[in-house]
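Asks: The structure is given below, and queries will be raised subsequently.
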Amino acid sequence: MNAKQIKELVKEMTLEEKASLCSGRDNWNLKGVERLGIPSIKVADGPHGLRVKDPNSYEGIEGRRAVCFPSACCTAASFDEQMLGRLGDLLGEECVAEGIDILLGPAVNIKRSPLNGRNFEYFSEDPYLTGKLAAAYIKGVQKRGVGTSLKHYAANNQETRRTTVSIKASERTMREIYLRQFEIAVKEAGPYTVMAAYNRIDGVFSAQSEWLLSRVLRREWGYKGFVMSDWGATADRVKGLKAGLDLEMPGSASRVTDKEIVKAVQDGKLKTAVLERAVERILNVIFKVHKARKKTTFDFETHHREATAIAENSIVLLKNEDGILPFKKGERIAFIGEFAADTPYQGGGSSHVTPYRVAHTLSCAQKTVDILYARGFAPENSQADGGALLDEAVNAAKAVDKVALFLGVPSSVESEGYDRADMLLPERQLALVEAVVRANPNAVVLLHNGSPVELPFANKIKGLLETYKSGEGAGEAIANILFGAVNPSGRLPETFPLKLSDNPSYLNFPGDKKEVRYDEGVFLGYRYYATKAADVLFPFGYGLSYTKFNYGGLKLSETSFTNGDSVTASVSVTNAGGADGKETVQLYVSSANKDKIPRPIRELKGFKKIFLKAGETKEVSFNVSFDDLAYFSPEFGGWTVQNDVHYIQIASDAHTVLLQAEIFADAKYDRRITVNDDTTIGELLEHEATRAFAQTVFDRMSGRLLGDKAKDAEASGTTAQDSFWQSVILGWAMRLFKTTGIFDEEKYSSVLNDLNEKLKNEKKRS
Ligand code: BGC
């Protein structure tokens, strides 16, 4: 159905029918209008597998059996857009087979604090990585004709008081960190729906924010789909509709809010056009997804194998001293820790998938190798005899050549609905590591968690694998990596700080009862740690391989560029080790920043995952656009590139630059400043149009206040005083000098006008 036909259809609908379309029929279905042939469509969670529920069962998380793919915390570590596209395609295939029209994902909120209970569902601390991977996922699902729901828009970065808390962040922080990934995904992939979050921003509910839903999403980014609320996130239905919230989910059983809409239109408080706009958007998606419905099936086994391959492409090798991994043929190995036998593979809450077939690491490994197993620890609240378990583990460790210790955060601790209390592993696990490494120092630790943990034993172990929540194929993938059938290639999509208090959000998480201040601003994750050159346990982008890669010959196609241009950066990568393997090439940009704008030292702007046979070399190239150098300037009210030298950097992680090349950005913005009381003499000196005036004021000021002697000393080379006078603001200068004739108080405002006029007419750089 085309736009014109949809408009005509809306005209045939009664007011009640229009209102009814703006809320769900139940938890998992939208309403249809039978008499007009409008079908009802079906939604399901999301994001890493299907949770298909019966219409009215929200209670209990179990749904119909589906393949549980690795969670976003894990797939993000693949740094592999193509793989996310494939994941989307597989999920789309399952949706079609299950009659699901809209999949409720991907979830793209930024991992602001390691404590967010829902971090396992989110990709990264970096908006660029998140946005690119989410866009690939969305395209993959939607290629099948199934819609997605990009969630949770926006800044839903904690579970504590998630339905009421108000986020206080500067516009720059919102634009660069908390909205940027939504912007990338919306512009590149056009999700059919966006899900408005529970939380408030600056006191306004996301689902009622005109700024978020209409101005930014639709007018600025050109979003064409519809916006639904998160489940129960609609406080005031009519306000929401006006702000741009089209569909309320799940909708009230007694249809109260539909009636509120009808009444508001009848009372003249809501324009019919606003209601019809929402109905048109919803209908547009309904007909689009309905057309794609097909009777199909999919092969669970094939999808299970794909889930395993995704995990293999994502698990991160963080430490490998003395080449302890992979385990070699003939070595005697012990698996210690109950997560070997019962592998944690997903987190809790609405994303919970009732899996098809879970592969646990111990049983997978035992198919080909003899493994000595000791349970090692029991859950913190269990009555099991901790001492006996510890003794058994120590004896096992003593009896073998190498030990694999399976640790992690219990699934009950990482879940939607609440946050973690700390970044620690359970005490019983910490005691176990200490005892085992004392008995056998050839120890490898495997972590199962959704976001960073503190590792006080990091120096005492020889190997470390971050497996995240790697889906139902976790055990096969982990065993394949441990025994060398797969060469690990994941990279950390987040920084592992040494301790929780190092995290930049530490002092402001989860905020007070009403609000949480994002005082760290844009300095989140590596943007903070790398800029401060702070010690971390493992940096963003870090990860090892069973082979070794060398880089060389970074080249740029241009030495300078301007608005609308892009430059090609190419670099050659060689697999210099003895095993075939995949490498993630990371490109960051950094600004010389002579304007001294507070900016992160570098930001990720490109990543590519490549496969290289042992000894092979490949040329990898990136397209860096002019806009990749921009920051959001509150001063100029938009994205701005500094007229300056910038560096294109190839780095092995966010802290370690391998190669760097310079490019000059010749920005042709009209970056006018507005002159007012607070404008400094130094700022006026920077602009050609105001320089002569500023120089006169500067000379007179320094001469008058310093006296001629001091002025002579100044002339002989000191610049400290220059800086002082340059920092004087016009308002102060006017008060000081009004009697001297430089400023006439009467004429002050016309002086300001004159300066602003001059700046306006200043020729743009050409
Ligand atoms: C979650 C969403 C989910 C929805 C439906 C909400 O509580 O925040 O992510 O899609 O429930 O289950």
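Asks: Starting from the alpha-carbon convex hull of the range 349-418, give the projected area averaged over all orientations, in nm².
Replies: 6.7
Asks: Apply 1/(1 + (r/R0)^6) to the Cβ-Cβ distance of Lys596 and Lys4, taking R0 = 56 Å, and write down the FRET efficiency to the nearest 0.05.
Replies: Efficiency, from the Cβ-Cβ distance: 0.55.
Asks: Stokes-Einstein at 37 °C, 0.692 mPa s, Kirkwood radius from Cα pairs: D for the chain in µm² s⁻¹?
Replies: In µm²/s, the coefficient rounds to 115.
Asks: Can you tell me the Rg and the Dmax, both Å, for the Cα atoms in the range 311-439?
Replies: Calculated on Cα positions, Rg and Dmax stand at 15.7, 47 Å.
Asks: Related question: Rounded to two decimal places and with Rh computed the Kirkwood way over Cα pairs, what is Rg over Rh for the range 61-114?
Replies: Ratio of gyration radius to Kirkwood radius: 0.99.
Asks: Can you give the charge dipole size of the chain about its Cα centre, rounded to the nearest 20 debye, using +1 on the beta carbon of Lys and Arg and -1 on the beta carbon of Asp and Glu?
Replies: About 1600 debye.
Asks: Within the chain, which complete DSSP H helices have Cα atoms spanning at least 30 Å along the helix axis and a mean Kyte-Doolittle hydropathy of -1.0 or higher?
Replies: Going by DSSP H runs, the hits are 688-715.
Asks: Here's something else I'd like to know. Under the rule of -39500 (n - 2.57) per DSSP H run of 4 or more residues, summed and divided by the residues of the chain, what mean residue ellipticity at 222 nm is obtained, to the nearest 500 deg cm²/dmol?
Replies: Mean residue ellipticity, 222 nm, calculated: -9000 deg cm²/dmol.
Asks: Report the FRET efficiency, 1/(1 + (r/R0)^6), for Ser252 and Thr531, where r is their Cβ-Cβ distance and R0 is 56 Å, rounded to 0.05.
Replies: Given R0 = 56 Å and the Cβ-Cβ separation, E is 0.70.
Asks: Indicate the gyration tensor shape class of the range 223-264 (rounded, prolate or oblate), computed on the Cα atoms with a ≥ b ≥ c the square roots of the eigenvalues: a/c under 1.5 is rounded; otherwise a/b larger than b/c is prolate and the rest oblate.
Replies: oblate
Asks: Averaging sequence separations of C-alpha pairs under 8 Å and six or more residues apart, then dividing by the length of the chain, give the relative contact order as a whole percent.
Replies: Dividing the mean separation by the residue count of the chain yields 13 percent.
Asks: Past 23 Å, Cα to Cα: identify those pairs from Lys668/Lys760; Lys594/Lys668; Lys151/Lys294, in the order given.
Replies: Lys151/Lys294
Asks: First select every other residue whose beta carbon is under 11 angstrom from the beta carbon of Leu498; then total the charges, Lys and Arg +1, Asp and Glu -1.
Replies: Surrounding charge for Leu498 is -2.
Asks: When the Kirkwood radius is taken over all Cα pairs of the range 466-557, what Stokes-Einstein diffusion coefficient follows at 37 °C and 0.692 mPa s, in µm²/s?
Replies: 200
Asks: Further question: Calculate how many DSSP beta bridges within the range 311-532 are antiparallel, expressed in % of all such bridges and rounded to the nearest 5.
Replies: Antiparallel bridges make up about 15 percent of those DSSP assigns within the range 311-532.
Asks: What nm value, rounded to one decimal, do you get for the distance between Ala273 and Leu372 when each label is placed 7 Å out toward the C-beta?
Replies: 7.9
Asks: Take every DSSP beta bridge with both residues inside the chain and express the antiparallel ones as a percent of the total, to the nearest 5.
Replies: Given both bridge residues lie in the chain, the antiparallel proportion sits at roughly 55 percent.
Asks: Could you derive backbone 3J(HN,Hα) for the range 409-415 from the dihedral phi with the Karplus parameters 6.51, -1.76 and 1.60 (θ = phi - 60°), listing whole Hz in sequence and x where the residue is Gly or Pro?
Replies: 9, x, 4, 5, 8, 10, 7
Asks: Show the residues, 5+ positions off or on another chain, whose built amide H is closer than 5 Å to the amide H of Glu454.
Replies: Amide H neighbours of Glu454: Leu424, Leu425.
Asks: In nanometres, what is the gap between the two model label sites at Arg293 and Arg65, each 7 Å from Cα along Cα-to-Cβ?
Replies: Here the answer is 2.5 nm between the modelled labels.
Asks: Quick check: pseudo-label points 7 Å beyond the Cα along Cα→Cβ at Asp401 and Trp211, how many nm apart are they?
Replies: 6.2
Asks: Let me ask another. What is the Rg over Rh value, at two decimals, for the range 311-532, using alpha-carbon atoms and the Kirkwood definition of Rh?
Replies: Rounded to two decimals, Rg/Rh equals 0.98.
Asks: Starting with the highest mean, order 99-112, 76-89, 23-36 by the number of other Cβ atoms within 10 Å, averaged over the residues of each peptide.
Replies: Highest mean packing first, the order is 99-112, 76-89, 23-36.
Every number here is computed from the coordinates shown, using simple stated rules; none is lab data. Remember, it's a predicted structure, so these values are computed and weren't measured experimentally. Glycine gets a Cβ as well: all are built from the backbone with ideal geometry, and neighbour counts include every protein chain shown.
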